[in-house]
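One structure is given below, encoded as structure tokens.
The values are calculated or read from the model by the stated rules, or taken from the named source; none is laboratory data. None of the values given here were measured: they were computed from a predicted structure. FYI the Cβ positions are ideal-geometry reconstructions off the backbone, even for glycines, and counts take in every protein chain you see.
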């Protein structure tokens, strides 16, 4: 499939899918988009884009730098999480490579806060993430958030957007919610209306 052309801003950004305000991992898995017309959009397509997304989600400081190998690791975990989400939605067994990737991310960062000293604070606990471990921390946080979603009370609400070709996941906060956004809902309703007109032998276009 074709990427959105360089210099083409493409469609306006979609709002976060329902549930993304509770689970950063849900917003994370939705950073790859399928668009009408066979186009795709990658929101983590460069170190600068990845750094911007991570900073917006309070996962790294605003002035932190992200390098290409880190961006590749982020996209790899994202894709494995998408496999787990899809398996959960479809009622299928969790893919072993995806489980392994998530567990490696969970084990990749130290969980315990270190003991520090500051003249003003005295002895205190502090979570230290040297620059070379920052991505390990980010991956662990996102993997843990995804694991909480997949094993918690909201797991049964996890769904895939019903509007083709959208690939985003959402939480169905009420029974009638089938789409990740108003845009996808409008597109699905328009497609159904077109199909009804076609079956009835009516005009194909408005």
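Points to keep in mind about this one:
- Single condition residue 5 does not satisfy, out of (1) outside any helix (DSSP H, G or I); (2) surrounded by fewer than 12 Cβ atoms within 10 Å (Cβ to Cβ); (3) at pLDDT 95 or above: (3)
- Subset of region 85-124 that is touching a strand residue (DSSP E or B) at 6+ places or on another chain (Cβ under 9 Å) and surrounded by 10 or more Cβ atoms within 10 Å (Cβ to Cβ) - its residue that is modelled with the lowest pLDDT: 113
- Selection within region 9-44: residues that are at pLDDT below 90 and assigned to a helix (DSSP H, G or I). The member of this set that is surrounded by the fewest Cβ atoms within 10 Å (Cβ to Cβ) is 37.
- Test for residue 83: is it assigned to a helix (DSSP H, G or I) and either touching a helix residue (DSSP H, G or I) at 6+ places or on another chain (Cβ under 6 Å) or touching a residue at least 24 places away in the same chain (Cβ under 8 Å) (or both): yes
- Residue within region 45-59 that is assigned to a loop (DSSP other than H, G, I, E, B) and under 21 Å from residue 184 (Cα atoms) present: no
- Residue-level check: of (1) surrounded by 15 or more Cβ atoms within 10 Å (Cβ to Cβ); (2) over 18 Å from residue 159 (Cα atoms); (3) under 16 Å from the mean Cα position of the chain (by Cα); (4) modelled with pLDDT of 95 or more, residue 76 misses just (1).
- Residue that is surrounded by the most Cβ atoms within 10 Å (Cβ to Cβ) [pool: residues in region 165-197 that are over 11 Å from residue 18 (Cβ atoms) and modelled with pLDDT of 85 or more]: 166
- Inspection of region 12-34 identifies at least one residue that is without any contact (Cβ under 8 Å) to a residue 12 or more places away in the chain, over 22 Å from residue 165 (Cβ atoms) and out of contact with any strand residue (DSSP E or B) (no Cβ under 8 Å at 6 or more places or on another chain).
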